[in-house]
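For reference, the structure is listed below as structure tokens.
The values are calculated or read from the model by the stated rules, or taken from the named source; none is laboratory data. Just so we're clear, the structure is a prediction, and the values are computed from it rather than from any experiment. Every residue, glycine among them, receives a Cβ derived from its backbone with ideal geometry; neighbour counts consider all protein chains shown.
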Amino acid sequence: MSNYKEIVTKTVKSKCKKRINNNFNVAIDEYANSVLGCWIINHQFRGINNGDHVVVNGSYDINIWYSYDDNKKTNVYATTISYNDVINCSLDIKSGDEIVVKALKQPTVSNVSIDGNNVVLDVEKELGVEVIGDEIIKINDFEELDDYVEILDDETLENVNSEYLD
């Protein structure tokens, strides 16, 4: 009988994260004088196992509030941005492994500028990936292991000094 037991369990095999910066040129309907606000909503994403890395497919809506006509009128332009980001994990991902993607930092606009009818946006986000799969854990079988020395035969007893305790 073996001196260990094997337990098969689900465990987090690998964790990794990636900070991603993107630059977008968004063509709006009018010539903008200034951008009054810009926000990102409806961030959705999903991770796909691709062997040695994870591909995160996602999208979010960008809303740009801007003024035009010499700052006399305002409008909100909305568009949906789709992305595919590759995140390398330090472990070989198996086909049965589960991929869990978390937004560690939701997409936010870090910088915005106007270039004619285009609004130039810098968007940053941080994604975390956990690879969850089956692993085998070996533990000692404590019923078989103990601290006592086993005496194999009677010859060992002959070497014991019987007056030792006196």
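Could you grab me the full set of residues in the stretch 22-53 that are crowded, with 16+ Cβ neighbours inside 10 Å, polar (S, T, N, Q) and modelled with pLDDT of 90 or more?
Within the stretch 22-53, Asn33 is the sole residue that qualifies.
Inside the stretch 113-141, can you point out the residues that are surrounded by 14 or more Cβ atoms within 10 Å (Cβ to Cβ) and charged (D, E, K, R)?
Selection gives Asp122, Glu124, Lys125, Glu126, Glu130.
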